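Structure first, then comments.
The values are calculated or read from the model by the stated rules, or taken from the named source; none is laboratory data. Keep in mind it's a predicted model, so treat the numbers as computed, not measured. We place every Cβ from the backbone using ideal geometry, glycine too, and count neighbours over all the protein chains shown. Accessible surface areas use protein heavy atoms only, side chains included; no ligands, DNA or RNA. Shrake-Rupley method; radii C 1.70, N 1.55, O 1.52, S 1.80 Å.
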Amino acid sequence: MLISAVAAVLAAVVAVTVVVLLRPAGDAAPLEADEDFGDVRVYAIDLDGAPVPEPGPDAQRVWDLFVRVATPAFAAEAMSEYRVGDAPDSDTMAYVHRDEDDPTLWTLAANIAYADDQDLLTSTLIHEYGHILSLGLADVDPDADDCATFWIDEGCVAASSALFAFDETFWSAYGDLAPAPDDTDAERGEALFEAYPDDFVSDYAATNVVEDFAETFQAFVLEDEPAPDSPVAEKILFFWNLPAYVEVRERIRTDLGWP
């Protein structure tokens, strides 16, 4: 009996130790250098879609909001890493990118210097989710040998993708003035915006077609369906003609408690 009791105690200790090792305090997350945010805390995402180790309150609040936008199932199945910086001098609020080792997985990086601005935070995370929706493996081939459409950092954009349709519908008209799809030169984006100020939901949308897609998706989710009375309205209505995106819009608005 004594041996059994000792074994049970040891098992309990081991179980507690495992939990502690898996989810230590938030400041135990390793630090890495980040081009946009300086030093960032790096959290792995566990099978329940939770950051490990447990983040501090602001970082956790940002993650929780992202999960509401993207769904808990998506966070658990498709997110591999959460990177958190605190850089008030940075203009970047968040970004996403594919996992370097597994292109089916994603990383979210967030700047918690903006965590207190709920409206800005919400719109930013919707924008980043728009990137994820448009850059999945069905839409962009990271292993393509050649490309009949156009290349972006994630690979060759599929001719069947919403991003390619958006580019063909709206960006072909800009000709040589349009920045390349992977061009982030602010001056080129500013020149395009100055030439076509009524075509974009924001000046940042003119950076390239990838950012225009995500910015317009953000407006599509946040705003009511517009009348087709302007070039920017036509871009927003592009999403209203895609049933899968309309379904995502309705789900996000429901999950965030919006009418």
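Summary table
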{"read-out": "Carbon plus sulfur fraction of accessible area for the chain, probe 1.4 Å, in percent", "value": "54"}
{"read-out": "For the stretch 149-204, Kirkwood radius (reciprocal of mean inverse C-alpha pair distance, Å)", "value": "12.1"}
{"read-out": "Kyte-Doolittle at least 1.6, axis length at least 20 Å by Cα - qualifying DSSP helices, the chain", "value": "2-22"}
{"read-out": "Dipole in debye (nearest 20) - the stretch 140-256, about Cα centre, beta carbon charges: Lys, Arg +1; Asp, Glu -1", "value": "460"}
{"read-out": "Overall dimensions of the stretch 103-167 as given by Cα atoms, namely Rg and Dmax in Å", "value": "14.4, 45"}
{"read-out": "Fraction of beta bridges assigned by DSSP in the chain that are antiparallel (%, nearest 5)", "value": "75"}
{"read-out": "GNM top mover of VAL96, VAL248, VAL209 - the chain, alpha-carbon springs below 10 Å", "value": "VAL248"}
{"read-out": "Length-normalised contact order of the chain in % [C-alpha pairs under 8 Å, at least 6 apart]", "value": "12"}
{"read-out": "Gained length - ASP117 relative to GLU250, 0.36 nm times residue gap less alpha-carbon distance", "value": "45.6 nm"}
{"read-out": "Percentage of interatomic Cα-Cα distances in the chain larger than 33 Å", "value": "26"}
{"read-out": "Long-range tail of P(r) for the stretch 31-116 (Cα pairs > 22 Å, %)", "value": "18"}
{"read-out": "Student exercise, the chain dipole from Lys, Arg, Asp, Glu Cβ charges, in Debye to nearest 20", "value": "1460"}
{"read-out": "222 nm mean residue ellipticity, helices alone, for the chain (DSSP H n ≥ 4; -39,500 (n - 2.57); rounded to 500)", "value": "-13500 deg cm²/dmol"}
{"read-out": "Residue-normalised accessible area of the stretch 140-256, given per residue in Å² at a 1.4 Å probe", "value": "50"}
{"read-out": "Relative contact order (%) - the stretch 79-120, alpha-carbon pairs under 8 angstrom, separation at least six", "value": "48"}
{"read-out": "Per-peptide average of other Cβ atoms within 10 Å, ordering 76-82, 227-233 highest first", "value": "76-82, 227-233"}
{"read-out": "Bins of 5 Å, starting at 0 and running to the largest distance - Cα pair percent for the stretch 140-256", "value": "2, 11, 21, 22, 19, 15, 7, 2, 0"}
{"read-out": "Label-point separation in nm, ASP91 to GLU187, each point 7 Å along Cα→Cβ", "value": "1.4"}
{"read-out": "Karplus 3J(HN,Hα) series, Hz, for the stretch 176-185 with 6.51 cos²θ - 1.76 cosθ + 1.60 (x for Gly, Pro)", "value": "5, 6, 6, x, 4, x, 10, 8, 10, 5"}
{"read-out": "Label-point gap, in nm, between GLU194 and GLU223 - each point 7 angstrom along Cα→Cβ", "value": "2.4"}
{"read-out": "Cα centroid separation, the stretch 28-51 to the stretch 225-259 (Å)", "value": "32"}
